[in-house]
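K.L.:
Just passing along the structure, written as structure tokens.
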Amino acid sequence: MENKFASKFIVLDGPDGCGKSTQAELLTAWLEQHNVDVVTFRDPGTTAIGEKIRQILLNPEHHAMDTRTELSLYMAARAQLWAEKIAPALKDNKCVVLDRWLSSTCAYQGYAGQFGMDKVIAIATDSLERPWPDITVILDIDLQTASTRLNQQLDRMEQKGDNYHQKVRDGFLALAEKRDDFTVVNAADDIQTVHENVMKAVENI
Ligand code: TMP
């Protein structure tokens, strides 16, 4: 088990309210119980630069922000996260669990924001040292269930409305169809069931 997960890069992703932060914590705890040396990061964020970029992205005052600006800022935060945290951890044989990654830019800016998923992937291929993780687990959830899990104070991305967020969900599912390193888990189930399905997906690494 320890060896199997050495230098593995695992991403949990999905629509707002899918519960991925909770599932990332549970997955990390499970890996630690099996003596896996694991670190968990969030994208955008984690680094000092990334957390500042995150604040700019999520501030509701920035409602004028264009999709291309979003795309560039998410990619910039991710490049920094890779350089400062992920690459050194993988080099150190650690298992890295990420709360969101490129799959989010594909679903949000690429699909819902209509920039185009293929164009997002092309930009990521040029600007990131490694665009794709070893495995991506998409926590799929319907809009109604997801809305019950959000904080009352919505950030700028969460405020984009039902039509946008339905497209985000469709975008994640469309991307998962195209990639055989993606697994979709039903995140509307209870926390423990979702955790068990995430473990199963990750065990296939
Ligand atoms: P979080 O609150 O789940 O950490 O994610 C921050 C918000 O940013 C969330 O609404 C999803 C959005 N997002 C994008 O639109 N594109 C991206 O590339 C990423 C990583 C997140």
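K.L.:
Please give the strands (runs of 3 or more DSSP E) falling wholly within region 1-110 in which 1 or more residues are open to solvent by 40 Å² or more (accessible area, probe 1.4 Å) and within 11 Å of the ligand (Cβ to nearest atom).
P.N.:
38-42
K.L.:
Anything in region 62-86 that is in contact (Cβ under 8 Å) with a residue 40 or more places away in the chain and farther than 30 Å from F5 by Cβ? List them, or say none.
P.N.:
Answer for region 62-86, where residues must be in contact (Cβ under 8 Å) with a residue 40 or more places away in the chain and farther than 30 Å from F5 by Cβ: H62, H63, M65, T67, R68, E70, L71.
K.L.:
Of everything in region 176-201, what is part of a helix (DSSP H, G or I) and closer than 19 Å to A24 by Cβ? Give them in sequence order.
P.N.:
Result: A176, I191, Q192, T193, V194, H195, E196, N197, V198, M199, K200, A201.
The values are calculated or read from the model by the stated rules, or taken from the named source; none is laboratory data. Computed from a prediction, not measured in an experiment: that's the story for all the values here. Virtual Cβ from ideal backbone geometry, glycine too; neighbours counted across all protein chains shown. These area figures cover heavy atoms from the full protein model, side chains too; ligands, DNA and RNA do not enter into them. Shrake-Rupley method; radii C 1.70, N 1.55, O 1.52, S 1.80 Å.
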